[in-house]
Amino acid sequence: MSIYPIIVNWNLASETIPCIESLLAAGAPLAQIVVVDNGSQDDSVAQLAQRFGQALTLLRQPTNLGFAGGNNIGIQHALDTGAEWVLLLNNDTIVAPTLLQELMQAAEQHPQHRMIGPLILYFGEPTRIWSLGDRLLPGTLITRRLWADAPVPPTLDSFVEVDFLNACCMLIHRSVFATIGLFNANYFMYAEDVDLCWRARRADIKLGCATAARVWHKVSRSTGIYHPQARYWRISNQIMVYRAHARRWQLPLMFGFTLVRSLKLAAVDLIQKRASLALHTLRAWYDGWWKNGIGYL
C-alpha cells in the first residue's frame with residue numbers, strides 16, 4: 001500500500017523539517033514524501049535541500065498558491081507517480097511513530113472508507129483532542145466537533161464514523177480524486193477541506209477516524225490566532241461553502257447563523273480592543289454573502 005505524504009511549506013522550514021523527520025521515524029520512505037514550497041521568501045528551499053538532499057521531492061512554486069492550490073500541486077504529482085493513497089499533512093505537526101501503520105490497518109479493516117483521519121491532538125497538551133472529526137447537525141450545514149478540546153476518553157472507539165475530516169491530516173484514496181476532483185482552489189485557505197468532504201459525501205464516499213493513529217498539531221503557526229486575514233478567510237470561505245452546498249430552503253438559516261456568530265465575534269474583539277479584527281470579521285461576513293453576486297438569494 002503506497003502512501004505519499006503531501007506537505008505544503010511557506011516560510012517555515014523550521015517546522016517542516018521536524019515534521020518530515022517524524023514521518024521518516026514512522027516509516028515513510030523519503031522518496032515518497034512530497035513537499036510543495038508555496039513561494040517562500042526565506043531560505044526554506046535551501047534548508048530543506050540541505051537537510052534531506054535530492055531524495056526529497058521538493059516542488060518549488062514561484063508564488064503562494066494557498067493551502068488548496070499548494071496541496072493540489074502535490075496531490076497531482078503523487079497521483080501521476082502512482083500513489084494509491086495520499087496523506088495530507090500540515091507542516092506544523094509531529095506524527096506518532098505508528099501513524100502510517102495504524103492508518104493502513106484502518107484502511108484494510110474498513111475498505112468502504114476512502115477518507116480516513118487520525119486523532120489530532122494539541123502539541124502543547126499531548127492528551128487533549130484538537131480534532132477527531134465533525135458530525136452534521138440534521139437539516140443544516142452546521143457541524144459539531146466530536147470531543148473537541150476534551151482529554152482522550154479511555155473508552156474511545158478504535159474507529160469513529162464522521163461526516164467531515166480536517167485536512168490538517170487526512171488519508172485519501174486515489175479513487176476519491178478520480179471521482180470528485182482535487183481541492184477547489186478558490187478556497188485560498190480554510191474551508192477547502194469542508195468543501196472536499198461535502199463533495200465526497202454527495203458521491204457516497206465514507207469518512208472515518210482511526211483513533212489509534214495519532215498526530216500532534218502546533219496550531220496556526222502560519223497565520224496566528226488573531227491574524228486579520230486568517231479571520232477573514234475563515235468566515236468568508238465558510239459562507240462560500242454554505243452558498244455552494246446548501247439547499248435553497250437552508251440558506252436563510254445559514255444566513256442568520258453566520259450573522260449572529262459574526263456579530264458576537266466582532267463584539268468580543270471590540271471589547272478586547274481588537275478593532276481591526278472586528279472590521280475584518282464584519283467585512284468577511286458581508287463579502288461572503290454578497291461577493292460575486294447581489295446576495296445569497
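The table below lists the values:
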{"quantity": "From Ala96, Ala13, Ala28, Ala106, residue being within 29 Å of Asn186 (Cα to Cα) and of a type in the set (Gly, Ala, Ser)", "calculated": "Ala13"}
{"quantity": "Filter result for Leu137 (under 24 Å from Arg231 (Cβ atoms) and over 18 Å from the mean Cα position of the chain (by Cα))", "calculated": "yes"}
{"quantity": "Matching option when the condition is in contact with a Ser or Thr (Cβ under 8 Å, 6 or more places away or on another chain), among the aliphatic types (A, V, I, L, M) and surrounded by 18 or more Cβ atoms within 10 Å (Cβ to Cβ), among Ile129, Ile120, Ile172", "calculated": "Ile120"}
{"quantity": "Only one of Val162, Val241 that is in contact with a strand residue (DSSP E or B) (Cβ under 7 Å, 6 or more places away or on another chain), buried (at least 18 other Cβ atoms within 10 Å of the Cβ) and not aromatic (Phe, Trp, Tyr)", "calculated": "Val162"}
{"quantity": "Subset of region 109-130 (residues that are touching a residue at least 12 places away in the same chain (Cβ under 8 Å) and out of contact with any Phe, Trp or Tyr (no Cβ under 7 Å at 6 or more places or on another chain))", "calculated": "Gln109, Gln112, His113, Arg114, Met115, Ile116, Gly117, Pro118, Leu119, Gly124, Thr127"}
{"quantity": "Scope region 136-151; condition closer than 16 Å to Ile120 by Cβ and surrounded by 16 or more Cβ atoms within 10 Å (Cβ to Cβ); matching residues", "calculated": "Thr143, Arg145, Leu146, Trp147"}
{"quantity": "Those residues of region 117-158 which are under 15 Å from Leu207 (Cα atoms) and touching a Cys at 6+ places or on another chain (Cβ under 7 Å), in sequence order", "calculated": "Gly117, Pro118, Leu119, Ser131, Leu132, Gly133"}
{"quantity": "Scan of region 135-179 for residues that are among the basic types (Lys, Arg) and in contact (Cβ under 8 Å) with a residue 12 or more places away in the chain, ordered by number", "calculated": "Arg135, Arg145, Arg174"}
{"quantity": "Qualifying residue in region 100-110 (condition: out of contact with any Asp or Glu (no Cβ under 8 Å at 6 or more places or on another chain), closer than 30 Å to Leu251 by Cβ and of a type in the set (S, T, N, Q))", "calculated": "no"}
{"quantity": "Which numbered condition Leu270 misses (of (1) buried (at least 18 other Cβ atoms within 10 Å of the Cβ); (2) outside the structural domain of Gly70 (by TED's automatic domain parsing); (3) more than 27 Å from Ala150 (Cα to Cα); (4) not β-branched (Val, Ile, Thr))", "calculated": "(1)"}
{"quantity": "Lone qualifier among Leu79, Leu23, Leu59, Leu87 - being farther than 19 Å from Ala185 by Cα and either of a type in the set (A, V, I, L, M) or surrounded by 22 or more Cβ atoms within 10 Å (Cβ to Cβ) (or both)", "calculated": "Leu23"}
{"quantity": "Unique residue being out of contact with any strand residue (DSSP E or B) (no Cβ under 7 Å at 6 or more places or on another chain), touching a residue at least 40 places away in the same chain (Cβ under 8 Å) and aliphatic (A, V, I, L, M) when the list is Leu182, Leu196, Leu207", "calculated": "Leu182"}
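Yes or no, residue by residue, for (1) within 20 Å of Arg174 (Cβ to Cβ); (2) in the same structural domain as Arg201 (by TED's automatic domain parsing); (3) surrounded by fewer than 22 Cβ atoms within 10 Å (Cβ to Cβ):
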position	(1), (2), (3)
Trp10	no, yes, no
Cys19	no, yes, no
Val34	yes, yes, no
Gln41	no, yes, yes
Gly69	yes, yes, no
Ile75	yes, yes, no
Thr98	no, yes, yes
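The values are calculated or read from the model by the stated rules, or taken from the named source; none is laboratory data. Here the structure is a predicted model, which means the values were calculated and not measured. Reconstructed Cβ throughout: ideal geometry from the backbone, glycine too, with neighbour counts over all protein chains shown.
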